[in-house]
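As structure tokens, the structure follows; a few thoughts come after it.
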Amino acid sequence: MGRAFESITDQMRAFADEQHVFFVSTAPSEGGHINMSPNGYDSFRILDDHRVCYLDLTGSGAETIAHIRDNGRITFMFCAFTGKPNIVRFYGQGAVVRPGDDEWDELRSLFGDVPGVRSIIAANIDRTSTACGYAVPFMDYVEDRDRLAEHWSSKSDDELDEYWANKNATSIDGLPAVEA
């Protein structure tokens, strides 16, 4: 059954690297709505046994950014949809890295050219865990959806900035999120 650890093990790294989707969960400090976001593409990196990052792509909301700015708490989850059942979670404190920030160039260089990148969420991981995953169904990966990349590649930088200002400036609970 499940076990807890203080760092990302080699087995966890290999498992996470194989997954086509991961989930990110955050919550505001007081009240408000808990957020859980599925993420795809090749957008997650394990930097070392205690540090990870992922590309935060522009979407309809900016809950993760708002919650990270509020309290930093973040949890990542990976599920096996093929092969042996397994669930891996990484728990930690996150930071929002935006263009112009000290870490931006270094972290952005870890990923390919993906349109619509809003930020990079980096996290220091202080706890990890495994769980059985016996109830997670088998599902086949077919391919990445390309609609998000197609949409943002057709927009100018000004249109992207305008979208952030109009749609991503605050969370659904009114917390500050993307600064234009």
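Brief remarks follow.
- Number of positions in segment 145-178 that are over 28 Å from residue 93 (Cβ atoms), among the charged types (D, E, K, R) and surrounded by 14 or more Cβ atoms within 10 Å (Cβ to Cβ): 1
- Among the residues of segment 70-80, the one identified as in a helix (DSSP H, G or I) and crowded, with 19+ Cβ neighbours inside 10 Å is 70.
- Note on segment 13-29: residues that are among the β-branched types (Val, Ile, Thr) and either at pLDDT below 95 or not in a loop (DSSP other than H, G, I, E, B) (or both) total 2.
- One residue stands out among those in segment 5-32 that are of a type in the set (Val, Ile, Thr) and in contact with a Phe, Trp or Tyr (Cβ under 7 Å, 6 or more places away or on another chain): the one that is surrounded by the most Cβ atoms within 10 Å (Cβ to Cβ), which is 24.
- Checking each residue in segment 30-51 for being farther than 15 Å from residue 124 by Cβ, in a loop (DSSP other than H, G, I, E, B) and not charged (D, E, K, R) picks out 31, 32, 33, 34, 40, 41, 43.
- Looking only at segment 1-49, and only at residues there that are free of Cβ contacts under 8 Å to residues at least 40 places away in the same chain and among the small types (Gly, Ala, Ser), the one that is farthest from residue 67 (Cα to Cα): 14
- Only one entry in 54, 91 is under 16 Å from the mean Cα position of the chain (by Cα) and within 19 Å of residue 164 (Cβ to Cβ), namely 54.
- Condition check for residue 89: of a type in the set (D, E, K, R) and under 14 Å from residue 23 (Cα atoms): yes
- Filter result for the condition that a residue is exposed (fewer than 15 other Cβ atoms within 10 Å of the Cβ) and either basic (Lys, Arg) or not in a helix (DSSP H, G or I) (or both), over 61, 83: 83
The values are calculated or read from the model by the stated rules, or taken from the named source; none is laboratory data. Keep in mind it's a predicted model, so treat the numbers as computed, not measured. All Cβ positions, even for glycine, are placed from backbone atoms using ideal geometry, and neighbour counts span all protein chains on display.
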